[in-house]
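Taking it in order: structure first as structure tokens, then the write-up.
Quick note: the coordinates plus some simple rules give every number you see, no bench work behind them. Keep in mind that what you see is a predicted model, and the values were worked out from it rather than measured. A quick note on method: Cβ atoms are made from the backbone with ideal geometry, for glycine too, and the neighbour counts reach across all protein chains shown.
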Ligand code: SAH
Ligand code: DHB
Ligand code: MG
């Protein structure tokens, strides 16, 4: 599943109270593992946090970059109103096909769409769907700075931008990892996020660093 594989007693207690996966989400994760998808989805902690953000902002249109098996998408789509829409961008056709099947089994197919291709190629075609109320960035880390620009392009005042994996499991601030493309991309992303006058932003230090910004 996620970065939080090893839960301490407190985290287990909170998970059981607030955000344990229900049967459908457990099935999705089990089938994702059986299908050989990489175990890199968000955890239920972030899923529930995204739901809180969606309801808090009364989001109706959500853009996700990085679908994988549709786990984060399912959490978000469930929190959307009946006329809400999730558009999720995914490079790998098998991931997209898996996510579509899962969303259909969960009755979420009417709310969720996946667009296949490198996100930098699919993003320019979304102008008609904009503005988005929330954008969740969770794909290849070297392109996070470019994804941030697209998120702002497709925003309105109040749009929430969320980015997963700021800490990169500790590599973000590890001098030995400085040359890695992912580390450099993530550093540029958080530096821009922290300085961009169009945004008010922070990083929630949990579980792997969740960047959180609101467009002014
Ligand atoms: N949000 C998902 C996890 C996404 S993992 C969840 O929490 O359930 C990252 C995904 O981004 C992978 O499926 C990977 O194939 C996809 N990806 C990687 N590079 C990409 C690119 N350039 N464009 C679109 N998707 C990409
Ligand atoms: C990895 C983890 C992620 O959450 C992600 O979005 C992409 C990759 C990883 O650990 O490789
Ligand atoms: Mg991630």
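Descriptive notes on the structure:
- With respect to the conditions (1) in a helix (DSSP H, G or I); (2) touching a strand residue (DSSP E or B) at 6+ places or on another chain (Cβ under 8 Å), residue 104 falls short on a single one, namely (2).
- The sole residue among 133, 83, 128 that is more than 9 Å from ligand 1 (Cβ to nearest atom) and free of Cβ contacts under 8 Å to residues at least 12 places away in the same chain is 128.
- Search result, residues across region 31-58 that are assigned to a helix (DSSP H, G or I), within 14 Å of ligand 1 (Cβ to nearest atom) and without any contact (Cβ under 8 Å) to a residue 24 or more places away in the chain: 33
- When region 181-210 is filtered for residues that are in contact (Cβ under 8 Å) with a residue 60 or more places away in the chain and either away from ligand 3 (no atom under 16 Å from the Cβ) or buried (at least 17 other Cβ atoms within 10 Å of the Cβ) (or both), the ones remaining, listed by number, are 207, 208, 210.
- One residue alone among 194, 155, 177 is farther than 22 Å from residue 119 by Cα and in contact with a strand residue (DSSP E or B) (Cβ under 9 Å, 6 or more places away or on another chain), and that residue is 194.
- When residue 165 is tested against (1) surrounded by 15 or more Cβ atoms within 10 Å (Cβ to Cβ); (2) in a helix (DSSP H, G or I); (3) within 16 Å of ligand 1 (Cβ to nearest atom), just one condition goes unmet, and that condition is (2).
- The numbered conditions (1) outside any loop (DSSP other than H, G, I, E, B); (2) closer than 16 Å to residue 84 by Cα; (3) free of Cβ contacts under 8 Å to residues at least 24 places away in the same chain are all true for residue 121 except (2).
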